[in-house]
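Heads up: the structure comes next, in structure tokens.
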Amino acid sequence: MPFLVLGIVTLAFLLTTVTKGDPLTAIVSDRQMNDPVAVAAAKARWGLDRSLPERYVIYVGNLLTGDMGTSFITRRPVAQDVFFRLPATMELVLAAMLIGSTIGITLGVLAAYFRNTVIDHAARFFALFGSSIPVFWLGLALLYVFSVKWGILPGPGRLDPRATPPPSVTGFMTIDTLIAGNMKLFLDALWHLILPAFVLGWAVAGTISRLVRANMLEVLDREFILTARAKGAGELRVVVRHALRNTLVPTLTVIGYSFAYLLTGAVLTETIFSWPGMGSYAVEAARGLDFPAIIGVTIVGGVVFLLTNLITDIAYVIANPRVRLG
Amino acid sequence: MQQEPLFAVRDLRVSFTRHGQSFKAVRGISLHVDHGEVLGIVGESGSGKSVGMLSALGLQPKTASVSGSARFNGRELVGMPMAQLRALRGSRIAMIFQDPLSSLNPVMTVGAQIAETIRLHNAGVSKRAAMDRAAELLALVAIPQPDRRIHQFPHEFSGGMRQRVMIAMAVANDPDLLIADEPTTALDVTVQAQIMDVLTDLRRRLNLGLILITHDLGVLAGHADRVAVVYSGEVVEQANVDALFARPAHPYTRGLIASIPNMAEEKERLFSIDGAPPPLGKLPGGCAFHPRCPQAQDICRHVPPPVRSNGDHRAACHFATLPVGSAA
């Protein structure tokens, strides 16, 4: 794990050096570009006068103390920016995961149980649609239909623009509004979360539903399903307690891996829904050649992904008795 | 009229429809079993012996259609509403299957699986009480350290032990009828004998009717009271076990008996019946067995054989060798 993190850091750092863009253009205004003194001063101030290995060692050293450098654009510490925005992304991604898994598992189970019926075909269409439509198109389309046209769901943002946000404790708007004890604001936050989370979760729901269907088909043919029926168990019990429980390990895997997709998808979703998370931050940073911010976002994203893989592995052990005792 | 038996199947038929074609897996079998009695059903793989019994309990695959009659304690099972069937399954009628590893849920402890059977049919029983009862049941089927074993998973048990767990689960609610589908086929010979002992012992103690489905006539010799021989979805011979082994009336039964390995005699080769059972879609005309029958005559190719009987001994063959007094 520590080696993986170091790997991410190194890669993120090196990737910025192979890009064509000159970071100076982000720091120094066009007019000052012609002034050698100003350029030299800026280079010295941002450490750009040092060699690449030197910069790398300094960066890693600073990183160990929690310092990710200063953003060219916001002129604030990158660590502060990123951790301020991380909860918004996590809230969106987790909500998307919840929606995606719930829809995906339900559809997968139904499709397998009613294989080759209308239900199965509808689920297949839903999955294919979700996986093939780009997030940004889907986001814009749904935003237009539900918010602009029908007005049944709110527009972009995390809260009604007129509302005063609650004091930030966790950074999760839904939790912070609950902590503040403001039920109305909580519902508003939840309301704002639904559409972006659904847009982001749809593709994941598609993937999960296909996998769950395939696994359920296999499990439903196994003998212990017959045993369960011969015991007098009802169909719901047979399907959920006996069959679905046995597809948990592969399902957890795909949910775990879908996290990477969700993090990437969040970049586009956040941009469309004006969601103040890491994704929109990353887009701004990339536009402005804000290298410290780009590296910071990459590292934090990578570490979050590593952590989810770790959690997935732990969940395996809980779900599969053979691993637990073996 | 004498009292109705515990479980009586009359002219049960099961057919599958696949790609618009209909396959008759079970073509009218009739048999019965009573409390404390062991009925052996013997036949080759695919003869319809398992699917027939499953269908009687409403456990047939979705694509199957079932007709005929299967009465249990005077109640008709064929066409019975699902909820009522479920109430019987696992409670009054229990089943165990061939492969005890795949028949147990790999991600539930064996205790939880037994307790589930109990609680499905006894709403008032607490989880605790059901687990305690599960341990008692494991003790009943002679599994050592039952209190510890109930918390283990199926993969921690050997094949024979798993089959004991299946049996414990089957008898959890004191059923009247136990249908054992090839209960020993997947097990070692020594373990087979132990499992058969457990089954016959439980039959005596709980006075259950036991239906023993097998392809191994040898297993039935020591354990069954009566035997029904099934070929291509039909019962071709049915008799008391001693009568069947002493005076088999159907050529197929004679073939099966001849192919049981015999330790006492030294034979160069084991006897085997020529050919293979006909595929479901292509049943021959007349007697289904005629292409493999050493005594087949012209009549066998064209006329389905009548069932001849002599008391309890019935055989469906034109040339059934029933003792004196046989009538068509």
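Every number in this text was worked out from the coordinates using simple rules, so none of it is lab data. Computed from a predicted structure; not experimentally measured. Because the Cβ atoms are built from the backbone with ideal geometry, glycine has one as well, and the counts that use them run over all protein chains shown.
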**OP:** Express in whole angstrom the spacing between the alpha-carbon centres of segment A:1-51 and segment A:259-315.
**Re:** 21
Original post:
What relative contact order, as a whole-number percentage, does segment B:104-172 give when Cα pairs under 8 Å and 6 or more residues apart are counted?
Top reply: 43
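What 222 nm value per residue comes from the helices of chain A, counting each DSSP H run with n ≥ 4 as -39,500 (n - 2.57) and dividing by all residues, nearest 500 deg cm²/dmol? Mind dumping the intermediate values first?
Details: 14 runs with 226 residues, N = 326.
Value at 222 nm, helices only: -23000 deg cm²/dmol.
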**OP:** Could you tell me which of rounded, prolate or oblate describes segment B:104-172, using a ≥ b ≥ c as the square roots of the eigenvalues of the alpha-carbon gyration tensor, with rounded for a/c under 1.5 and, failing that, prolate when a/b is larger than b/c and oblate otherwise?
**Re:** prolate
**OP:** Given the options A:LEU307, A:LEU92, A:LEU244, state which has the largest fluctuation in a GNM of chain A using a 10 Å cut-off (strictly under) for Cα springs.
**Re:** A:LEU307
**OP:** Report the calculated FRET efficiency for A:ASN116 and A:ALA315 (r = Cβ-Cβ distance, R0 = 45 Å), to the nearest 0.05.
**Re:** 0.90
Original post:
To the nearest 10 degrees, how steep is helix B:127-140 against the longest Cα principal axis of chain B, on a 0 to 90 scale?
Top reply: 50
Original post:
According to a simple spin-label model (label point 7 Å from Cα along Cα-to-Cβ), what is the distance in nm between A:LYS184 and B:GLU44?
Top reply: 8.1
Original post:
Taking K and R as +1 and D and E as -1, what net charge do the other residues with C-beta under 13 Å from the C-beta of B:MET131 add up to?
Top reply: +2
Original post:
Using a simple spin-label model with points 7 Å from Cα along the Cα→Cβ vector, what separation in nm is obtained for B:ARG247 and A:PHE136?
Top reply: 9.1
Original post:
Add -39500 (n - 2.57) for each DSSP H run of 4 or more in chain B, then divide by its residues: what number comes out at 222 nm, to the nearest 500 deg cm²/dmol?
Top reply: -8500 deg cm²/dmol
Original post:
Which percent of the Cα-Cα distances in the protein assembly as shown go past 42 Å?
Top reply: 48
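Return the subset of A:LYS231/B:LYS49; A:LYS231/B:LYS282; A:LYS149/A:LYS184; B:LYS62/B:LYS282 for which the Cα-Cα distance in this structure is over 31 Å, preserving the input order.
On the way: A:LYS231/B:LYS49 20 Å; A:LYS231/B:LYS282 35 Å; A:LYS149/A:LYS184 24 Å; B:LYS62/B:LYS282 22 Å.
As for pairs spanning more than 31 Å Cα to Cα, those are A:LYS231/B:LYS282.
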**OP:** Give the percent of DSSP beta bridges with both residues in chain B that are antiparallel, rounded to the nearest 5.
**Re:** 65
Subject >> Spacing of the two label points (7 Å from each Cα toward its C-beta) at B:HIS35 and A:LEU64, in nm >> reply: 8.3
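Among DSSP beta bridges lying fully in the protein assembly as shown, give the percent that are antiparallel, nearest 5. All intermediate terms of the calculation are to be shown ahead of the outcome.
Values: 34 of 53 bridges.
Percent antiparallel among DSSP bridges in the protein assembly as shown is about 65.
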Original post:
Taking only Cα atoms, what is the 0 to 90° angle, nearest 10, from helix A:291-319's long axis to the longest principal axis of chain A?
Top reply: 20
